[in-house]
Amino acid sequence: MKDQQIFKQYIDLLPFLAAVLGNECEIVIHDLTNPQASIIAIKNPVSGRKKGDALTHFAQEILDQGLYHNQDFIANYNGQSKHHDFLSSTFFIKNGKTIIGMLCINKNLTPAKHTMFALENLLKSYNLIQNQEENITEQFDSSIVDIAKSRIQEIIARQKVPVAYMSIEDKLTVLQKLKDDAILDTKGSIQEVAAQLHVSIPTIYRYLKRIK
């Protein structure tokens with residue numbers, strides 16, 4: 001089958017996906033043969049992009065790392081535009097074993113975050129949220145690994161943002177605290193924090209380069 005025939009099958013799906021996923025969900029198809037103008041179809045352009053725009057740096061990084069060789073998609077990673085935070089997923093479009101494009105779905109988290117912050121402020125006004133400085137937990141685990149795991153969970157919980165809705169800045173804050181507390185020096189901690197933050201281990205190392 002020719003590449004253009006494959007692309008047409010995915011492009012024909014866009015109206016259906018847009019109707020199912022809603023207006024705050026951007027759906028993009030990239031043709032990787034032309035990275036400087038890779039977007040060949042887009043619905044609900046919440047990010048402000050348009051047909052003919054270039055491939056993102058992150059998408060190019062995925063290609064450079066060859067992640068598409070061993071998996072068909074990457075789900076639920078963080079994306080950002082100038083005004084919005086996204087929960088993004090990418091499906092690799094292939095012709096046989098050759099990657100030719102990407103189907104990207106970007107869920108706009110900004111309205112949900114605004115609602116969460118409004119709810120948090122409402123709860124605070126009635127003293128229904130425990131102060132962070134009072135959120136003290138005593139650990140009785142005997143294993144250092146278990147203690148590290150519990151500490152990671154505690155620090156993530158203190159962000160008061162579900163992991164699925166965390167921005168990159170939220171995750172950097174978590175990593176900074178874990179680093180300050182020397183939790184990341186514990187054996188297996190990198191794998192554990194990657195699992196709890198729903199990102200890959202290479203992503204954690206990339207984030208660590210951005211903090212002090």
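Scanning the range 174-183 for residues that are without any contact (Cβ under 8 Å) to a residue 24 or more places away in the chain, more than 13 Å from GLU154 (Cα to Cα) and either of a type in the set (Ser, Thr, Tyr) or assigned to a helix (DSSP H, G or I) (or both) gives a single hit, ASP180. With respect to (1) among the polar types (S, T, N, Q); (2) free of Cβ contacts under 8 Å to residues at least 24 places away in the same chain; (3) farther than 29 Å from LEU119 by Cβ, the lone exception for THR186 is condition (2). Applying the criterion of at least 2 residues that are modelled with pLDDT of 95 or more and over 17 Å from the mean Cα position of the chain (by Cα) to the strands (runs of 3 or more DSSP E) found wholly in the range 1-98 leaves 25-31, 39-43, 85-95.
Kindly provide the set of residues from the range 179-194 that are among the small types (Gly, Ala, Ser) and loosely packed, with under 14 Cβ neighbours inside 10 Å, ordered by number. Show your work before the answer.
First pass over the range 179-194, keeping only residues among the small types (Gly, Ala, Ser): 182, 188-189, 194.
Scanning the range 179-194 gives ALA182, GLY188.
The values are calculated or read from the model by the stated rules, or taken from the named source; none is laboratory data. If you're wondering where the values come from, they're calculated on a predicted model, not measured in any experiment. Here Cβ is always computed from backbone atoms with ideal geometry, including for glycine, and neighbour counts include all displayed protein chains.
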